[in-house]
Structure formats: structure tokens, C-alpha cells
Amino acid sequence: MTATVSLQQLNDQLEQLEAQASAEIAAATTAPELEDLRVRLLGKKGRLSTVLGAMGKLSGPERPLIGQRANQLKDQLQSLLAERLAAVKAAAMAERIAAESLDVTAPCSYVPPGHRHPLLSTIEEIVDIFSGLGYGVSEGPEIESDYYNFTALNIPEHHPARDMQDTFYLADGRLLRTHTSPVQIRYLENNPPPVRVIAPGRVYRRDAVDATHSPVFHQVEVLAIDEGLDFSHLRGTVTTFLQRFFGDLPVRFRASYFPFTEPSAEVDVQWRGRWLEVMGCGMVDPAVLHGMGLDPERWSGFAAGLGVERFCMVRHGIDDIRRLYTSDLRFLEQF
């Protein structure tokens, strides 16, 4: 004999299912729990489907009433599941954020290993070599006056050499230095000869940026003033320095021109089968000594200057000066 089910019985079952499902959803604490509840409540073999399976035992007019109530309950349970899932995820995220939060004011407990930038390490090596030759180190301001940057170095106004060292001027007439030679003038003002000093530092020129030029670069200038110095002392000092930096390579001197030295020379090293120009040098022009109040008949000296970027690029085989300024860790970590 087939059991009969009344409309009231199915309504009671749906009310009971609503109360039980609401409590179970509210008690769920994880996303997997909620997914399991969804399947047990709303799946094809879920509890709601079981109740709806008894609708066939109702009379025709009663079935739509139970169907409408069941659809309302289904929508209600889906909404409760979605709201509870959002709350569970938000709580999990808040817990994770709290567990992973950082106190940015706390002292660092780990210092990653690092190393010197290739330009700095090149400067330090150059300074170390000249320090071993008895030279001191002096530094000066990067914003200079026209006098120290040009006039005191035998480069008067309208001199052609100024075109080669076009720089950036400030509103008050001062400028960004084009070389570190002004440091030598300042040093001589406060330190009477004999002197042996090098001047490393950053310099500026209005050069277009390309693979070998930059408006900002670094120089090291060398100055020695003493009694009886001649070109042989200059040649010996420069050759010793270059062979300590590059190794035991052939070095040659070519006649050149600089406003503050006479005679002047460009210096090349034979690097990997070809001659490379690496620095300039010369005997200090007597006019520069005279301008500093030194007697050219008693004192003589020599000066030399080099670009740190060029030394660094030659040493490490770097093909573009811009790589030294991009702060690209893929490049810097090679050194």
C-alpha cells in the first residue's frame, strides 16, 4: 500500500530543513565545509531534492504550492551560503594579514650581502694605487666658480677649450665643474709645495648621452709639484699606475694639447691587441704656477687626468656607459 504525504507534512519538512540548514551554514568555518554543505543541501541527491521527490504524491493543485516554497528555500540557502563563504574568506584574509604584518619601525634582523658599485670599486682601486705611490687625496665642491674651473687653469674667457667643456650654469654665475682640476688649485692655495695629491670626484658636461658619453661622469686628477720634476717623472708615475691597474701592458705617450700643461700628452695602453686612449697628462704650465704665486724657476710639476667610467668599462668589458647608471641588478650583480 502506497504511503500518502500531505501538503502540511511537506511544508513542515521544508521549515525543518530551513532551520537546520541555516544553523549548519552559520556554524561552518571553512570554505570546504561550506562546499560540502551546499552539495548535501542542494545537490541532486541533497536533502532539498529528497523533499521535492515526495511532491508526486500530492494532488495537482498542491504541487505548485510546494514547488514555489522549495524554490524560495533554495534561493535563501544559496544566499546564506554565499554570504557565509564571503565572511569566511574575509576572516581568513584578516587572520593572514595579522600573521604576516610587518613592523616597519623595527630594526632590521637581516642585512642581505652586497658589494661595491663597479664605479666605486674602480675609484677605490685607483686611489689605493696612488696612495701606495705617496699621494694624498683631496676633494672639493661640485659647484664651482668660473675662476677655479677655468681662469686659474689658464683657460681665460673666450678660450676655445671652454667649448669642449660646456657645462651647466646657475643663476648666480656659478657652474657645475667640468673636471676635478679646481680641487688642485684649492689644495695649492692651502698647501705650499712640495705636494703630491689626487682629486677624485663627479664632474658635469653638456654631452649628449650615448654609449660612450654622459653628462655626469667621474674623474681622478693627479698633481705633483716639487723642485726638479720633469717629464721622466711624469712618464714613470703614469706608466707605473697603468701597469698596476691593467697589468704589464705596453704604454705609449702621444703629443697633445691641454691649456694647463705644456708639454702635454695623451696616454694609450695596448689592450687586447689594440691601442686604447685612457688618460691625458703633461707638465704643469708655468703660467698656472705663476698664477698660484709659485716661482716657475724653482718649482715644476706634472698633472694627469683620467675618466673613471672608461677605466671601469675597459677593465670589465662594458659596452655602454649607460649601464653604469641604470641600477639594473642583473647587471650590477655581475661585479
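The values are calculated or read from the model by the stated rules, or taken from the named source; none is laboratory data. Please read all numbers here as calculations on a predicted model, not as lab measurements. Note that we place each Cβ from the backbone using ideal geometry, even for glycine, and neighbour counts take in every protein chain shown.
Residues being of a type in the set (K, R) and modelled with pLDDT of 80 or more: count how many of those fall in region 26-73.
Taking region 26-73 as the starting set, the residues that turn out to be of a type in the set (K, R) are 38, 40, 44-45, 47, 57, 63, 69.
Going one step further and asking which of them are modelled with pLDDT of 80 or more, we end up with 38, 40.
Of the residues in region 26-73, 2 are of a type in the set (K, R) and modelled with pLDDT of 80 or more.
You will find that of E297, E262, E309, the residue that is among the acidic types (D, E), touching an Asp or Glu at 6+ places or on another chain (Cβ under 8 Å) and under 27 Å from Q184 (Cβ atoms) is E262 and no other. Just give me the residues in region 85-104 being among the β-branched types (V, I, T) and at pLDDT below 85, in sequence order. Selection gives I97, V104.
A23: more than 23 Å from E95 (Cα to Cα), modelled with pLDDT of 80 or more and exposed (fewer than 12 other Cβ atoms within 10 Å of the Cβ), yes or no? Before you say what the answer is, go through the steps one by one.
Values: more than 23 Å from E95 (Cα to Cα): yes; modelled with pLDDT of 80 or more: yes; exposed (fewer than 12 other Cβ atoms within 10 Å of the Cβ): yes.
Yes, satisfied.
Just one of the listed residues (E297, E266) is modelled with pLDDT of 90 or more and in a loop (DSSP other than H, G, I, E, B), and it is E297.
Considering F253, F217, the condition of being of a type in the set (F, W, Y) and within 36 Å of the chain's Cα centre (by Cα) is satisfied by F217 alone. Note on region 181-198: residues that are in contact with a Gly (Cβ under 7 Å, 6 or more places away or on another chain) and among the hydrophobic types (A, V, I, L, M, F, W, C) total 2. Selection of region 187-222 for residues being surrounded by fewer than 18 Cβ atoms within 10 Å (Cβ to Cβ), among the basic types (K, R) and outside any strand (DSSP E or B) yields only R206. One residue alone among T180, T105, T167 is among the polar types (S, T, N, Q) and in contact (Cβ under 8 Å) with a residue 40 or more places away in the chain, and that residue is T180.
Residues are listed down the side, and each one gets a yes or a no for (1) surrounded by fewer than 17 Cβ atoms within 10 Å (Cβ to Cβ); (2) within 30 Å of S6 (Cβ to Cβ); (3) under 38 Å from the mean Cα position of the chain (by Cα):
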position: R40; (1), (2), (3): yes, yes, no
position: T50; (1), (2), (3): yes, yes, no
position: I66; (1), (2), (3): no, yes, no
position: A70; (1), (2), (3): no, yes, no
position: G114; (1), (2), (3): yes, no, yes
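Does region 183-193 include one or more residues that are in contact with a helix residue (DSSP H, G or I) (Cβ under 6 Å, 6 or more places away or on another chain), at pLDDT below 90 and under 22 Å from S264 (Cα atoms)? Among the residues of region 183-193, not one is in contact with a helix residue (DSSP H, G or I) (Cβ under 6 Å, 6 or more places away or on another chain), at pLDDT below 90 and under 22 Å from S264 (Cα atoms), which makes the answer no. Only one entry of R298, R322 meets the criterion of being of a type in the set (K, R) and either closer than 28 Å to H213 by Cβ or not assigned by TED's automatic domain parsing to the domain that holds Y148 (or both), and that entry is R322.
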